[in-house]
Amino acid sequence: MAPSPIEESQMLPETIVKKIEEIGRCIMWMIFLASGESYRFPELLILKYGGNDRNIFIDSQSRRLDIITGYSKSRAFNLLLKQLDETTSAYVFHYIMVERVMLRLALTEEFAGMHRDIFEGMDEEDRIDVVTSTTDDYVRVPDNLREHSSNVLQSFLFVQPSRGTLVSYDFFSAIFRQFPVMVGQSADSRLNLRQLRQGIVALTRDCIDVSENSPNIMSAKELVAGHSVTVAFQNYGVDSTVGLGDQTLLMSALIVAVCHGWQDWLGVGEVESVIEEVPKLEPLVFQGCVDDLELAGRELYGRKFAFRDGQQFIMNEIYNSSRKLIPVQVLPGYGKTALFQLPLLAMKRRCQKKRIVFVLVPYITLMGDMFQRLNKGGLNVQYATNVSRMNENDITADVYVTCFESARDDHFMELFSNWPYRFRNVHLGYLVVDEFHNVGYQDYRKEVTQGFRHLDVSNFAKVVMLSGTIGKGRFGLHLKAIGITAEPTEQVEDSDKVRIFDAVKEIPLRKVVKTVIAVDSLGVAEEKTIWLVKRFMELVPNEKIIIVCSRITSVEKLGWLIYAGHTPVFVHGSMSSKEKISRFAEFSENPEKRLLIGTKLISEGIDIANLGCIVMCNFVPSLTGLIQTARRLRRGGNCFIFWSSCDDDKDDFPRYLPDVVINSQLAAYYGCSGSTEDHPMPVYEGRCDKLLSSGPTSTPVVAEEELSMGDDSLFAYCESLGGEGGVSTDSDSFT
């Protein structure tokens, strides 16, 4: 490494160690500057030329050194391959084969000076990055310090034996503060390490031309910089979703090409002129017949199966048409799930090649319900987890269910974009977005659903968007929210417009007795809810009831005050996803659990057998929320709304106006003509009269600040009201 040997010199071992440490620091900087979009300091520390988890290799063709590590800052630890230029490769190879041997001889075999914590002195954040991105073999410390020191010296590339650790940041950055000498020595005149790295990233993005900067190359540039798909798109305007996955052979070749482009720009390498193309999975062309759908219906529902009005037409569009986008509006209870379930069953029977479906639902709590609905008729249904590690052998399901949160997950974006390059025998069938009215048009969910705009759906055969509550002429608003600017139409015409399939011909909820009662405050709404629910429990012993509250504080409060031998099930947004799913399952599957209390997340998409009544406590929903909630009463029932001026619902949908006839508002919302009269079963009308025949006393409800789970004063208060923790049933006016 020295320009010329020093003759007749006798250097002390300590001096040799110091000199080799300085040489290692120079090598460290050479790798930092020549590796493409530069590594962070913690990543340089974990470079190993020997031992377990070695990450430095020799390319068999170019004879350059390859480095395979993960970008630790992202916490994803996907492995990336970078290739050094010929000059840097030669210096690193010489350092390993010559200087490191000299270092071992200078230290002797008795050296035991490496600390047990070889990452000593590192910033806490960087320490977390390094330790969490390595295996136990990196940090395993033998009881014998001599053995430990020997293991470190024979594996880690950058060590500082004089300190007993890996190279410290201060030692590494000392050169940075001295060179280049033509730059002023003040801190203001020099870039720090992070700024230097970001400058290299920017130069690579904007100044390095590789294969005319194709979309795949641009994607590789962002990936090698450690930028996620979302960061690349939002912060730097690079649509890296059109690139290829980081687990493909082609992506590795693209990253190496980016490294070579940077090295050529520095004048130390050459750009590879040709990047070998990797064949991708061709789209699956499939054609069935209408009879396939009827056979699938009989298989799923029995020989008496018959299509509902308009159902077969929509299913055939999904099954056989060449349309890419299929937005559908059907009322809850119409058989919305069957619209894509039967085509999938038919396709599975007729098509020999495997094609899978991804179903997205708005809330985690709805995943279990969708799972149960689809897991019939020979379909294999699974939850979509660990998609970053999904490979050909992992795909055993016909349907994967996940929630809208996944739409903004980088791993899902990359999976959908890169599907034809990662898989050879499995095709993407449908992407089904259920409860599509939740996508992109509610303020409080925009952060969750904004990822839909970045999803690459080009590899799916169809994108099916389902909703029962979008309303007349409003589909275009939701389509624009996910980046679809084509004009929607409900007419049959030869154009590039998106055809909307609207099967809503009459207003919903006509079998439900809807009762709206104005109250003065939240406390009064809670008081009347308590009375009504207790009356329902007494009068209707075999049916279930749901309470939808505007506030989380009301959820548990009402549960404890209503309790009278019927332990309620609580569900609200503060619970973990696992807990929400388990509680929904408990309520829907256990006949002994008759009361579900929660915030409005319990109102969409759930099917509950024997549900007879829904109560909205101080909760005036949008028209969409009203339809979604009350339509849970599939066979009809009673829906009570206690409302006051404090309305907590914040979505952007047209408001339900309590002082206007409900059916008139529904008719205008759906654009339906004809009669707006209700046709409920007499039993529900009679039940409404009985439930409202008497009311609660004026005993105040416990103040919110006094309520807490496990509070003895709460149980004492409940006992003072009479019964098993319930309110008094003395007669009083209910209005």
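The values are calculated or read from the model by the stated rules, or taken from the named source; none is laboratory data. Just so you know, these numbers come straight off a predicted model, no measurement behind them. Counting neighbours? That spans all protein chains shown, and the Cβs are built from the backbone with ideal geometry, glycine included. The accessibility values were calculated without ligands, DNA or RNA, using every heavy atom of the protein model including side chains. Shrake-Rupley method; radii C 1.70, N 1.55, O 1.52, S 1.80 Å.
Quick notes on this one:
- Checklist (1) assigned to a loop (DSSP other than H, G, I, E, B); (2) among the charged types (D, E, K, R); (3) buried (at least 21 other Cβ atoms within 10 Å of the Cβ) applied to Arg424, failing item: (3)
- Subset tally (residues that are among the charged types (D, E, K, R), open to solvent by 40 Å² or more (accessible area, probe 1.4 Å) and more than 18 Å from Glu685 (Cβ to Cβ)) for the range 500-550: 4
- Out of Ala397, Ala407, Ala486, one residue alone is open to solvent by 10 Å² or more (accessible area, probe 1.4 Å) and either in a loop (DSSP other than H, G, I, E, B) or touching a helix residue (DSSP H, G or I) at 6+ places or on another chain (Cβ under 8 Å) (or both). It is Ala486.
- Test: residue in the range 610-618 that is farther than 29 Å from Glu490 by Cβ, open to solvent by 20 Å² or more (accessible area, probe 1.4 Å), modelled with pLDDT of 80 or more and in contact with a Lys or Arg (Cβ under 9 Å, 6 or more places away or on another chain): yes
- Count of the range 445-487 residues which are under 19 Å from the mean Cα position of the chain (by Cα) and among the hydroxyl-bearing types (Ser, Thr, Tyr): 1
- Gly429 surrounded by fewer than 20 Cβ atoms within 10 Å (Cβ to Cβ), outside any loop (DSSP other than H, G, I, E, B) and among the small types (Gly, Ala, Ser): no
- From the list Arg116, Arg140, Arg177, Arg127, the lone residue that is among the basic types (Lys, Arg), within 17 Å of Leu33 (Cβ to Cβ) and modelled with pLDDT under 90 is Arg177.
- Residue match in the range 49-69 (condition: in contact with a Pro (Cβ under 8 Å, 6 or more places away or on another chain), polar (S, T, N, Q) and modelled with pLDDT under 85): no
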